[in-house]
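Heads up, the thing below is written out as structure tokens.
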Amino acid sequence: MMKVLFTFYNPSGGMETLNRVRSKALQKRGIECHLLYTVGGHGLNNIEGIPTYVMSSETDIHNLIEREQYDAIIVCTDINMLVKIGNLGYRGTLIYEVQGLGTPSETEIILEDYRTRIMEHADALLYPHNPLLKKMLGSYFSSIPQFCFDDPLDCDHFGYKEGTRLPYPVIGWIGRIQANKNWIEFLRIGTRLIQINPQIHLWFFDDDTLAHPDELNSFRHIVSSSPLLSQRLIRYSNVPHHQMAEYLSMIGDSGGMLVSTSIQEGFGYAVAESMLCRCPVLSTDSGGVRRLIYPNLTGKYYSRGNIEDAVKEAVILMIDSHTRNWLVKNAEAHIKKHFSADLYSERFFEMMHRV
């Protein structure tokens, strides 16, 4: 049996979902999967049936690798972990994974900084379909084997759940309170929509342990200073992953939508999971979501920074039931067809045999 270790900084957000979903899918194909995080987090509560370790010391990591004899280790983003494992004399396949490094300018700075260390230690690169990542990684690391395929969703267990229908529309947002997620734009869009329809509520989902301190202070100040936001915005932190399907389904059934305001996304799990739960999506063109959103077929885009454009598209989604139902139906079918965990495991299996 092949044995694989996936590593990341912390069990949170899209990476926690990705590691959990792909591990379960790969285990069905006979690949034993383990997870390693350098720090703990609320996302550990989502994990069942997958050996999971939280450790950062070189000695502990060395002992783990020696004991488990992994055929491959996939290190996501954490360049220090890549170097650490490489310097430990690990003899298996060492793959460096990039799921998203921030804004385009941040990505360029980071890759320039990481370049020598990736070239020295990585046997291959792995990343989702994303025009920015594909262009930059292809340019910086043309001599390293590269594998590019879509991230998976657990379409069998995560999806639409019928429940109580709210008497008011909800506009949802999912992310971290930091610059790349562009949270302040959501508050501006939400404020304008409440001015148009005072019944609208805003649901704001984040991980309060990962918020940038300065931006968290700004968030609190903006919300407390606005009568509309302080009355209509509800912040949810660290919601267990399985419960998110219920929340997203409720948002969709309320006549509302998810608004994604990100500058750059490697993949966009919040968008994909909303689509799977029949919750329509209005999003910026943040890169990775191009695989998910086809304009006026599976979702809608607005021009980032253009609040009135976002409001116009949001109103269309709320009042035009024909367009809304068309998008919801197509979006759910699109995710189930192209982003299943089984399809991911096939591509991963092929990658492992090639490297």
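The values are calculated or read from the model by the stated rules, or taken from the named source; none is laboratory data. Everything numeric in this text was worked out from a predicted model, so none of it was measured. Please note: Cβ atoms are built from the backbone with ideal geometry, for glycine as well, and neighbour counts cover all protein chains shown. Remember, those area values only see protein heavy atoms, side chains included, never the ligands or the DNA or RNA. Shrake-Rupley method; radii C 1.70, N 1.55, O 1.52, S 1.80 Å.
Side notes on the structure shown:
- Among the listed pairs Lys300/Lys336; Lys134/Lys181; Lys3/Lys135; Lys134/Lys336, those beyond 26 Å (Cα-Cα): Lys3/Lys135
- Linear extension gain, His242 paired with Met1, 0.36 nm per residue minus alpha-carbon span: 83.8 nm
- Alpha-carbon centroids, the stretch 314-352 and the stretch 184-247: separation in whole Å: 25
- The apolar share of the surface of the chain, taken as the fraction of accessible area on carbon and sulfur atoms (1.4 Å probe, ligands and nucleic acids excluded), comes to 48 percent.
- Between helix 241-253 and the chain: long-axis angle, C-alpha atoms, 0 to 90°, nearest 10: 30
- Summed side-chain charge close to Tyr53 - residues other than Tyr53 whose Cβ falls under 10 Å, Lys, Arg +1, Asp, Glu -1: -2
- Per-pair calculated FRET efficiency, R0 = 30 Å: Val315 and Asp285 via Cβ, rounded to 0.05: 0.90
- Only the Cβ atoms of Lys and Arg (+1) and of Asp and Glu (-1) were treated as charged; on that basis the dipole of the stretch 97-245 about its Cα centre amounts to roughly 780 debye.
- Once P(r) over Cα pairs in 20 Å bins from 0, in percent is calculated for the structure shown, the corresponding label among [x] 29, 62, 10; [y] 30, 57, 13, 0; [z] 30, 63, 7 turns out to be [y].
- The residues neighbouring Phe205, those whose beta-carbon lies less than 13 Å from its own, together hold a net charge of -2 under the Lys/Arg +1, Asp/Glu -1 convention.
- All other residues whose Cβ lies under 12 angstrom from that of Ala72 are scored, Lys and Arg at +1 and Asp and Glu at -1, for a net of -2.
- Longest site-free stretch - the chain; sites: GluC sites (Glu not before Pro), DSSP loop, at most 11 other Cβ within 10 Å: 163-355
- Inter-label distance, Ile196 to Asn45: 3.6 nm, where each label sits 7 Å from its Cα along the C-beta direction.
- Measuring between their Cα centroids, the stretch 144-183 and the stretch 1-56 lie 19 Å from each other.
- Nearest 10 degrees, 0 to 90: helix 213-225 Cα axis against the chain principal axis: 10
- Computed label-point distance, nm, for sites Val83 and Thr116 using a 7 Å Cα→Cβ extension: 0.9
- FRET efficiency, 1/(1 + (r/R0)^6) with R0 30 Å, evaluated for Ile234 and Tyr294 via beta carbons: 0.45
- If the segment from Arg165 to Ser56 were pulled out straight at 0.36 nm per residue, it would be longer than the present Cα-Cα gap by 34.7 nm.
- Computed magnitude of the charge dipole of the chain (debye, nearest 20; Cβ of K, R +1, Cβ of D, E -1): 780
- Relative contact order of the stretch 228-314, pairs being alpha-carbon contacts under 8 Å that are 6 or more residues apart, as %: 23
- Degrees, to the nearest 10: 307-319 long Cα axis against longest axis of the chain: 70
- In the chain, taking the dipole from charged Cβ atoms about the Cα centre, the farthest positive-side position among Met352, Leu44, Leu276 is held by Leu276.
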